[in-house]
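The values are calculated or read from the model by the stated rules, or taken from the named source; none is laboratory data. For clarity, every value in this text was computed on a predicted model and none was experimentally measured. Positions of Cβ are backbone-derived with ideal geometry, glycine not excepted, and every protein chain shown enters the neighbour counts.
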Amino acid sequence: MIRDFFAGVGLLLRGFGIVLRTPRLLLLGALPAVLTGGLLLALVIVLAIFAPDLITWATPFLDGWDPTYRALVRDLIGVALVVAVIFFGLLLFAAVTLAVGAPFYEAIANRVENQLGGVSTEHDTPWWTDTLDNAKVVGASALLSVPMFLIDLVPGIGEVAGPIIGVCVSAWLFGLELSVVPFSRRGLPLAARRHVLGQRRAMAFGFALPAYLLCLVPLLALVVMPAATAGGTLLAHRLLEEQAQARS
């Protein structure tokens, strides 16, 4: 598992090497991320401005509590809300960016996979099919953000356990999003993606976790998205080839 995890990290690093050696690929992948990132940043700023009033409005039952406990509970809710927004927002960012920049990210993934030998039988999957599959991943994230929010509210434990669990789950879903193109080229749906990546979960996690964490750094996502698309293609190609060899 440890070897697989670091092999996944290595695939992400190879993805960075590919796009950094080809500035055109980097630019193609950064443009959709700039647009999507700007829109989501505006939403986060609006939420940050109105969050205190929103929390106060949503918790009228706390008005009669002791001021110290009232402030503590509302602060916990605020922290939980921030974690839930990060948990859900980055996956939404990836899904929207991949949808907006579908031709760009497909060009990156196709170029990487063609360098590896290409696909013997390629399926012409409509872009909206990939978008719908990634929308399902975002929907799963939205559902999971509710228990993550509740975990964060547990005093003492939630502040630590909530973010850790949230990052791990988000990283896995992030990896599902970033590996969409190689599966799509073979006509394989989201269920196949989950199955194949689940067979080598440590490797998939080793790729997805650092990619996810790097995307949390402001502006770095502009470089990470094209690099992670290349790395996700390397990961998917490797696992699919291994599966094909095991069957033969």
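Can you tell me which residue among Ala230, Ala192, Ala221, Ala202 is touching an Asp or Glu at 6+ places or on another chain (Cβ under 9 Å) and small (Gly, Ala, Ser)?
Ala202
Looking at (1) closer than 15 Å to Asp133 by Cα; (2) free of Cβ contacts under 8 Å to residues at least 24 places away in the same chain, which is the one condition that is false for Gln245? Exception for Gln245: condition (1). Here Gly187, Gly232, Gly198 are screened, and the one residue that is crowded, with 20+ Cβ neighbours inside 10 Å and either in contact with a Lys or Arg (Cβ under 7 Å, 6 or more places away or on another chain) or of a type outside the set (A, V, I, L, M) (or both) is Gly232. Only residues that are surrounded by fewer than 22 Cβ atoms within 10 Å (Cβ to Cβ) and of a type in the set (Val, Ile, Thr) were counted across region 207-229, and they come to 2.
At least 1 residues being among the hydrophobic types (A, V, I, L, M, F, W, C), within 21 Å of Gly118 (Cβ to Cβ) and at pLDDT below 85 is the threshold, and among the helices (runs of 4 or more DSSP H) wholly inside region 178-244 those reaching it are 180-185.
Has region 60-80 got any residue that is surrounded by 15 or more Cβ atoms within 10 Å (Cβ to Cβ), under 29 Å from Gly162 (Cα atoms) and within 20 Å of the chain's Cα centre (by Cα)? Yes - at least one qualifying residue is present in region 60-80.
Is it true that some residue in region 40-63 is out of contact with any strand residue (DSSP E or B) (no Cβ under 8 Å at 6 or more places or on another chain), within 16 Å of Glu177 (Cβ to Cβ) and touching a residue at least 24 places away in the same chain (Cβ under 8 Å)? Yes.
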